[in-house]
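Scroll down for the structure; my scribbles are underneath it.
The values are calculated or read from the model by the stated rules, or taken from the named source; none is laboratory data. Everything quoted here is computed from the prediction, not taken from an experiment. Cβ coordinates were reconstructed from backbone atoms using ideal geometry, including for glycine residues, and neighbour counts include every protein chain displayed.
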Amino acid sequence: MKLAELKNKPAEEQQRLLNSERQHLQELRFNAATNQLKNVRAIRQSRLLIARILTLLTGQSAPRIAGASNRDQSATKLKRE
């Protein structure tokens with residue numbers, strides 16, 4: 001599922017999808033441990049989807065804090081002196 005598709009879903013549905021995907025990842029890991037999993041890449045895809053959902057839920061896609069840019073400017077001034 002792409003990020004654009006996830007952004008269009010309400011937070012409750014994102015949370016349900018997150019719980020479902022975590023269960024799916026647990027099953028994939030169990031199957032990999034017992035040598036029943038043929039597509040091991042599915043584990044990585046599941047982890048990436050979980051990360052995307054968590055990013056949206058926690059608001060990490062918000063702009064950076066304004067204070068960070070002020071620190072960068074003061075460091076530039078110190079280098080010039």
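Observations on the model:
- For the range 30-46, the criterion of being loosely packed, with under 13 Cβ neighbours inside 10 Å, within 26 Å of Gly59 (Cβ to Cβ) and either of a type in the set (Ser, Thr, Tyr) or touching a residue at least 60 places away in the same chain (Cβ under 8 Å) (or both) is met by none of the residues.
- Some residue of the range 2-18 being exposed (fewer than 10 other Cβ atoms within 10 Å of the Cβ), at negative phi, of a type in the set (Asp, Glu) and modelled with pLDDT under 95: yes
- The single condition among (1) at pLDDT below 90; (2) on the phi < 0 side of the Ramachandran plot that Gly59 does not meet is (2).
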